[in-house]
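*Asks:* First the structure, which I've put down as structure tokens, then a few questions once you've had a look.
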Amino acid sequence: MNLAILQARTTSSRLPGKVMASVLGEPMISRQIERLRRSSRIDALVVATSVDPSDDVLAARCEAIGVGVHRGALDDVLGRFCGALERYPDADTVIRLTADCPLADWTVIDQVIAHHHDTGADYTANTPAVRTFPHGLDTEVVRADVLLEAGREARDPYEREHVTPFVYRRPERYRMAWVSRHPSLAHLRWTVDLPADLAFVREVYGQLYPRDPAFGSDAIIALTVNSAEIPR
């Protein structure tokens, strides 16, 4: 079973509340979930957020649109992931996603999941040392037992906060696999960390969604190439 865990919180230091920011009348996280639900390889999706009261509205919104929610410590994201995973005993594979990527491409996610299973890797990602995908399409896939192992053993605060470093920092212990694209689009930034990023996402949705709610990466690329208004 392939379990996607989407980490989210409202207390972003650079753009607080961004996951609930409106994008064409819906919270940004709802727009991302809409895209993730198009995946043919994700069997279950759960949002991992914190027990902090600031995330109450986020949890309520996810539950209202039929997405499972697991809540844990604000500063221990790895612990949150393990807690979410333990609720799905049939899951043998975890896909790590982050809620600042409202232009997530389900075809890329499916490609990384397929490569993970084809290679028998412990950890697979499309973020190798030399990035080739746009920022905002990041996908990590890890064996469930490996993630739980990391949860038990990781002590470094960085490894607790960022979930997967315990694994990819140990290539002598875990088997890695990578997915790249050609030509590289590493110069493109589709993630949301700053007000300008959110403005870009709103413009993309405004231009593309009314014509095709299932717009993909090629449409975004074409828009950014052809529009002087959003040169990304």
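Nothing in this text is a laboratory measurement; each read-out follows from the coordinates by a stated rule. The structure presented is a predicted model; accordingly, all values stated were derived computationally and were not measured. Neighbour counts run over all protein chains shown; Cβ positions are idealised from the backbone, glycine included.
*Asks:* Can you give me the relative contact order of the chain as a percent, contacts being Cα pairs under 8 Å and 6 or more apart? Can you show the working numbers first?
*Replies:* Working: 414 pairs, mean separation 49.0, N = 232.
In percent, rounded to a whole number, it is 21.
*Asks:* List T93, T119, T49 from most exposed to least, where exposure is judged by having the fewest other Cβ atoms within 10 Å.
*Replies:* Values: T93 21, T119 14, T49 28.
The most exposed by this proxy come first: T119, T93, T49.
*Asks:* Which of rounded, prolate or oblate describes the chain when judged by the alpha-carbon gyration tensor and an a/c cut-off of 1.5?
*Replies:* Since a/c reaches 1.5 but b/c is at least a/b, the shape of the chain is classed as oblate.
*Asks:* Taking 0.36 nm per residue of separation and subtracting the Cα-Cα distance, what length does fully extending A64 through A186 add?
*Replies:* On the way: separation 122, 0.36 × 122 = 43.92 nm, distance 3.52 nm.
Taking 0.36 nm per residue and subtracting the Cα distance, the gain is 40.4 nm.
*Asks:* A further question on this structure: Helix 195-208 sits at what angle to the longest principal axis of the chain, using alpha carbons and giving 0 to 90 degrees rounded to 10?
*Replies:* So the inclination is approximately 70 degrees.
*Asks:* Between rounded, prolate and oblate, where does the range 1-66 land on the alpha carbon gyration tensor, with a ≥ b ≥ c its root eigenvalues, rounded for a/c under 1.5, else prolate if a/b exceeds b/c? Please report the intermediate quantities before stating the final value.
*Replies:* Values: a/c = 1.97, a/b = 1.46, b/c = 1.34.
Taking the square roots of the gyration eigenvalues as a ≥ b ≥ c, the range 1-66 is prolate.
*Asks:* On to the next question. Relative to the longest principal Cα axis of the chain, at what angle does helix 217-226 sit, 0 to 90 degrees, rounded to 10?
*Replies:* The two axes meet at around 40 degrees.
*Asks:* By how many degrees, between 0 and 90 and to the nearest 10, does the Cα long axis of helix 77-86 differ from the longest principal axis of the chain?
*Replies:* Here the helix axis deviates by roughly 70 degrees.
*Asks:* Of A64, L78, V112, which is farthest towards the positive pole of the range 2-191's charge dipole, taken about the Cα centre with +1 and -1 on the beta-carbons of Lys, Arg and Asp, Glu respectively?
*Replies:* The residue sitting farthest along the positive end of the dipole is V112.
*Asks:* With n ≥ 4 as the cut-off for DSSP H runs, can you work out [θ] at 222 nm for the chain, using -39500 (n - 2.57) per run divided by the number of residues, rounded to the nearest 500?
*Replies:* Working: 9 runs with 86 residues, N = 232.
After summing the helix terms and dividing by the residues of the chain, the value is -10500 deg cm²/dmol.
*Asks:* On to the next question. Quick one: D43, D110, fewest Cβ neighbours within 10 Å first, how do they rank?
*Replies:* On the way: D43 14, D110 18.
In order of increasing Cβ crowding within 10 Å: D43, D110.
*Asks:* Among Y168, P157, Q207, which residue has its Cα positioned farthest towards the positive end of the charge dipole of the range 139-232, with +1 placed on the Cβ of Lys and Arg, -1 on the Cβ of Asp and Glu, and the dipole taken about the Cα centre?
*Replies:* In the range 139-232, that residue is Y168.
*Asks:* So, with +1 on the Cβ of K and R and -1 on the Cβ of D and E, and no other charges, what is the size of the charge dipole of the range 2-191 about its Cα centre, to the nearest 20 debye?
*Replies:* Values: 24 positive and 26 negative charges, 99 e Å.
The calculation lands at about 480 debye.
*Asks:* Write down the percent of antiparallel bridges among all DSSP beta bridges whose residues are both part of the chain, to the nearest 5. List each step's numbers first, then the result.
*Replies:* Working: 9 of 29 bridges.
Once the DSSP bridges in the chain are tallied, antiparallel ones form about 30 percent.
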